[in-house]
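K.L.:
Below are the structure tokens for one structure; questions will follow.
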2 protein chains.
Amino acid sequence: MEKNNKKITSRDVDFAKWYNDIISEADLVDYSSVKGSMIIRPYGYAIWESMVSVLDKMFKDTGHVNVQMPMFIPESLFNIEKDHVEGFAPEVAWVTRGGSEKLEERMLVRPTSEVLFCEHYKKIIKSYRDLPLLYNQWCTIVRWEKTTRPFLRSREILWQEGHTMHETEKEAREETLRMLNVYTDFQKKYLAIPVIPGRKTDKEKFAGAEETYTVEAMMYDGVALQNGTSHYFGQGFAKAFDIKFLNQKNLLENPYQTSWGVTTRMIGGLIMVHSDNLGLVLPPNIAPIKIGIIPIGDNKEVKNLILNLEKALTNANITYHTDNTDRSPGFKFAEAEVKGYPIRIEVGARDLKENKITLVRRDTLEKITSNTNIEDIIKEINNLLNLIQSNLYNKAEIRRNSMLYKAKDLKEFEKYSDKPGFILTSWCGTEECEESVKENYGLKSRCLPLDDETSDKPCTICQKKGKYKLYYGKQY
Amino acid sequence: MEKNNKKITSRDVDFAKWYNDIISEADLVDYSSVKGSMIIRPYGYAIWESMVSVLDKMFKDTGHVNVQMPMFIPESLFNIEKDHVEGFAPEVAWVTRGGSEKLEERMLVRPTSEVLFCEHYKKIIKSYRDLPLLYNQWCTIVRWEKTTRPFLRSREILWQEGHTMHETEKEAREETLRMLNVYTDFQKKYLAIPVIPGRKTDKEKFAGAEETYTVEAMMYDGVALQNGTSHYFGQGFAKAFDIKFLNQKNLLENPYQTSWGVTTRMIGGLIMVHSDNLGLVLPPNIAPIKIGIIPIGDNKEVKNLILNLEKALTNANITYHTDNTDRSPGFKFAEAEVKGYPIRIEVGARDLKENKITLVRRDTLEKITSNTNIEDIIKEINNLLNLIQSNLYNKAEIRRNSMLYKAKDLKEFEKYSDKPGFILTSWCGTEECEESVKENYGLKSRCLPLDDETSDKPCTICQKKGKYKLYYGKQY
């Protein structure tokens, strides 16, 4: 029988409730009188800090620098790019008073910062020598959502937004895909999530973009999570904001633009891909605490071994948490499971007499016995951390692949449309077919798979000439 | 004759203009249509990132963890603590609409987050076992200032706010001073600013605090900058928010609270203490780029030496920037001076023939010749970085001390009151004397010097019995 935690609903009984239970039991989030916003508690925030530190390094290694724009946008500035306004206006928060005075012009709290970057770029871009500009910003944004779910959909979101300007279309398109690849790599190598990178259909593009690329993750329940996007803007914003540079032929030209972002939503994805009925399961490469150490009994040998182990872990740069509370070992084991530490180490007097300690893998719950030589323990830990990381990826990929379907015609499509997962179709390229799938089956297009877009088979939906491959799926 | 940069006003001619010129020429800040807010440009933001990374480690080393609260505060929540509301209400931004709807209850953008932390603490604090809670938050806050100056006074401010809860008054008071010491140490060791730590008078306390401690820095022009504060709240907020815990005697009690914060204002302080008429001067321990490398001429030997030097700097974890643009060496030298790289290295073909390169200290403009052995260069760099760091501190301290006055009576006080700097007085402890100094001389009390508060001399102002030592000075 599968082990269970009484405070956590089974994910196979009620996935939504399971998700909320995990978040609450692992102390990731709390709620306040600020409706629709969440408090990210220390352990939840530590996961975000871990993501930020890896991504920030990846951005800097690809030549990007960080800046900080204001959080407010005057209404007139926001109104400059039409598509953009139409996309965002229904869901923004408005500041109308400052101190005791009504503002002459109301301002919105940024839902995204394209217009602020564009206003700045207009001032600082003069010649091709000023390009490329590779800027990124870590900040919070606000979107006035009606229904919210922690990490997945919230009125306030922590994110990063890259905004870059380039001399040529080619460079800007390369940047768009470079950053999509950074997201793909990050999510595969660190989050152990086998995302599908691809291009969005015109219907699903970002408001103001020429192309939107996405990394689509599939959750344990088969539902899609759009886990990061990268946009090619062409010269649209540059023209609207009248940004021009002297090119190498000494002619004035509008630069080519990109933007790309990921959010705290990735924490939701992390939970819904790997965690189980005992609590969080965190991949070692992103877990803020890699080892949970649990002393059993209060004896000198136990304390000494733990002290030596802690020193060695610190030297090896492996994070740990030792549970020195006066609660029972069983309670501590359950807590370590809820928190998803990749490895739990149990150090007990009886075991020490036999010169051994026990390591427990969070992903498989397998128990591994090690001798008490500290070097040997560290070796075993490093070995297990690697095994856990790759096992989590492989498990997620196998599960994901088991829910990927191919439909060659409407009959096949109907057969799969009720099942959890994604359906790969051939697509004629018309919005009619895409729209009819949404209306008739409640499924939204996910993406055209990257580097494998074209199809020579008939359109799955209308059987006319197919042009593209296209994934469909339910989404969070 | 002192060297000058034509684009920078002399600081002895117009200090305010000099400050703005430095900020603009060093590309620290830009302005936008968002009045009163600033854009922090990459080089300015890199200084903040450098401060954040050091401070965040200092906070974590003293047991603190980071969290993230919402940026909005419902009006009713804000209204719970009376003194607090009165202090902040005149300068907050109000969100009154979300999407297309008027909000039922308007919300303010946080000017500080005490009430959000308190609401959360009420939910999670139950017993003494839950204490202490040592939380910190990195975020932006908004205060609707009428007059703004970059870094010094802005509508939106980047900062950190620590909020902690303790079992006893003693522990909370210790925490208040511990964090004041962290700020003092940080500013001395990293920013090379010899701050005066001390206690604020009741008149100058934070709205809602029992005690406010401050680190007071003196700028080059003798004007004070309050460069960080740490507050002891006692049980005030806890009572207002009805936060209670079961103490070790099994009785319900209100916990004891602190809060403490520093902001991007420190960047303003950094500029106004160390920089000169050639541009920024950054202390090596906080400079995001420690070395500016300038090739002179386009020859192979120059390129090779620079490549080897860059590798060695990377290995030694010393940040650098190589200016490979096609501008003249003179232009590049001036730019390196404006940016305040602690050391500039000039690598020229003629020098290399004589087996030498030139290092220039930003603080003294002194030229040092080194041989071309990479190991020797790195040794010289490390040596110089240490010298520059301590020289900047010493210079700032000597200048600061030259503008510290002691006044034993009103006549002496009047004599010094027109001079730039701080005046140390003996104080009877009444608000009347403090107020009369403000009204008659335009000087505000700075602080009662830490660990040296008491005075047995007569009050400088009224000549009645003195109780405390108290600094006065003009402030930013």
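K.L.:
Quickly run through region B:140-167 and pick out the residues that are among the aromatic types (Phe, Trp, Tyr) and either within 9 Å of chain A (Cβ to nearest Cβ) or not in a strand (DSSP E or B) (or both).
P.N.:
Within region B:140-167, B:TRP144, B:PHE151 qualify.
K.L.:
Within region B:95-132, how many residues are under 30 Å from B:TYR45 (Cα atoms) and either touching a residue at least 40 places away in the same chain (Cβ under 8 Å) or in contact with a helix residue (DSSP H, G or I) (Cβ under 8 Å, 6 or more places away or on another chain) (or both)?
P.N.:
Result for region B:95-132: 10.
K.L.:
Inside region B:435-476, can you point out the residues that are crowded, with 22+ Cβ neighbours inside 10 Å and outside any loop (DSSP other than H, G, I, E, B)?
P.N.:
B:VAL437, B:SER445, B:LEU448, B:LEU470, B:TYR471, B:TYR472, B:GLY473
K.L.:
Condition first: in contact (Cβ under 8 Å) with a residue 60 or more places away in the chain and more than 18 Å from A:THR258 (Cβ to Cβ). Now tell me which residues in region A:205-232 satisfy that.
P.N.:
Within region A:205-232, A:GLU216, A:MET218, A:MET219, A:TYR220, A:ASP221, A:GLY222, A:VAL223, A:ALA224, A:LEU225 qualify.
K.L.:
Follow-up. If you scan region A:116-150, which residues turn out to be within 17 Å of A:ALA240 (Cβ to Cβ) and in contact with a His (Cβ under 7 Å, 6 or more places away or on another chain)?
P.N.:
Within region A:116-150, just A:PHE117 meets the criteria.
K.L.:
Does A:CYS447 satisfy the condition of being of a type in the set (A, V, I, L, M, F, W, C), under 18 Å from A:TYR213 (Cβ atoms), touching a Ser or Thr at 6+ places or on another chain (Cβ under 7 Å) and outside the structural domain of A:MET218 (by TED's automatic domain parsing)?
P.N.:
Considered against the rule, which asks whether it is of a type in the set (A, V, I, L, M, F, W, C), under 18 Å from A:TYR213 (Cβ atoms), touching a Ser or Thr at 6+ places or on another chain (Cβ under 7 Å) and outside the structural domain of A:MET218 (by TED's automatic domain parsing), A:CYS447 comes out as yes.
K.L.:
Right, something else. Only one residue in A:ASP451, A:ASP418 is of a type outside the set (Phe, Trp, Tyr), modelled with pLDDT under 95 and within 28 Å of A:PHE15 (Cβ to Cβ), so which one is that?
P.N.:
That would be A:ASP418, the only listed residue that is of a type outside the set (Phe, Trp, Tyr), modelled with pLDDT under 95 and within 28 Å of A:PHE15 (Cβ to Cβ).
K.L.:
What do you reckon, is B:LYS411 in a loop (DSSP other than H, G, I, E, B) and either more than 27 Å from the chain's Cα centre (by Cα) or on the phi > 0 side of the Ramachandran plot (or both)?
P.N.:
no
K.L.:
How about region B:321-360: which of its residues are hydrophobic (A, V, I, L, M, F, W, C) and either under 11 Å from B:ILE296 (Cα atoms) or over 34 Å from the mean Cα position of the chain (by Cα) (or both)?
P.N.:
B:PHE333, B:ILE345, B:VAL347, B:ALA349, B:LEU352, B:ILE357
K.L.:
Another question, if that's okay. Has region A:419-431 got at least one residue that is among the aliphatic types (A, V, I, L, M), surrounded by 17 or more Cβ atoms within 10 Å (Cβ to Cβ) and assigned to a strand (DSSP E or B)?
P.N.:
Taking region A:419-431 first, the residues among the aliphatic types (A, V, I, L, M) are A:423-424.
Going one step further and asking which of them are surrounded by 17 or more Cβ atoms within 10 Å (Cβ to Cβ), we end up with A:423-424.
Okay, now just the ones that are also assigned to a strand (DSSP E or B), so A:423-424.
Taking every residue of region A:419-431 in turn, at least one turns out to be among the aliphatic types (A, V, I, L, M), surrounded by 17 or more Cβ atoms within 10 Å (Cβ to Cβ) and assigned to a strand (DSSP E or B).
K.L.:
Could you identify the single residue in A:ILE461, A:ILE423 that is hydrophobic (A, V, I, L, M, F, W, C), over 14 Å from A:ALA224 (Cβ atoms) and outside the structural domain of A:VAL223 (by TED's automatic domain parsing)?
P.N.:
Going through A:ILE461, A:ILE423 in turn, the sole match is A:ILE461.
K.L.:
Looking at region B:362-369, is at least one residue in contact (Cβ under 8 Å) with a residue 24 or more places away in the chain, crowded, with 19+ Cβ neighbours inside 10 Å, touching a Pro at 6+ places or on another chain (Cβ under 6 Å) and farther than 23 Å from B:GLN226 by Cα? Quick ask: steps written out before the conclusion?
P.N.:
Our first condition is that a residue be in contact (Cβ under 8 Å) with a residue 24 or more places away in the chain; within region B:362-369, this holds for B:362-365.
From the residues that got through so far, the ones that are crowded, with 19+ Cβ neighbours inside 10 Å too are B:362-363.
Still in the list and also touching a Pro at 6+ places or on another chain (Cβ under 6 Å): B:362.
Those left that are additionally farther than 23 Å from B:GLN226 by Cα: B:362.
Yes, region B:362-369 has at least one match.
K.L.:
In region B:123-139, which residues are of a type outside the set (A, V, I, L, M, F, W, C) and either part of a loop (DSSP other than H, G, I, E, B) or more than 10 Å from chain A (Cβ to nearest Cβ) (or both)?
P.N.:
Once the filter is applied, which keeps residues that are of a type outside the set (A, V, I, L, M, F, W, C) and either part of a loop (DSSP other than H, G, I, E, B) or more than 10 Å from chain A (Cβ to nearest Cβ) (or both), region B:123-139 yields B:LYS126, B:SER127, B:TYR128, B:ASP130, B:PRO132.
K.L.:
Please go through region A:104-120 and pick out each residue that is within 28 Å of the chain's Cα centre (by Cα) and farther than 15 Å from A:PHE88 by Cα.
P.N.:
Result: A:PHE117, A:CYS118.
K.L.:
While we're here: Tell me which of these A:ILE378 doesn't satisfy, since it passes every other one: (1) closer than 30 Å to A:ASN308 by Cβ; (2) in contact (Cβ under 8 Å) with a residue 40 or more places away in the chain; (3) buried (at least 18 other Cβ atoms within 10 Å of the Cβ).
P.N.:
Only one criterion in (1) closer than 30 Å to A:ASN308 by Cβ; (2) in contact (Cβ under 8 Å) with a residue 40 or more places away in the chain; (3) buried (at least 18 other Cβ atoms within 10 Å of the Cβ) is unmet by A:ILE378, namely (3).
K.L.:
For A:THR9, work out the one condition from (1) crowded, with 17+ Cβ neighbours inside 10 Å; (2) polar (S, T, N, Q); (3) closer than 27 Å to A:ALA93 by Cβ; (4) at pLDDT 95 or above it doesn't fulfil.
P.N.:
(3)
The values are calculated or read from the model by the stated rules, or taken from the named source; none is laboratory data. Just so you know, these numbers come straight off a predicted model, no measurement behind them. For neighbour counting, all protein chains shown are included, and Cβ atoms are generated from backbone atoms with ideal geometry for every residue, glycine included.
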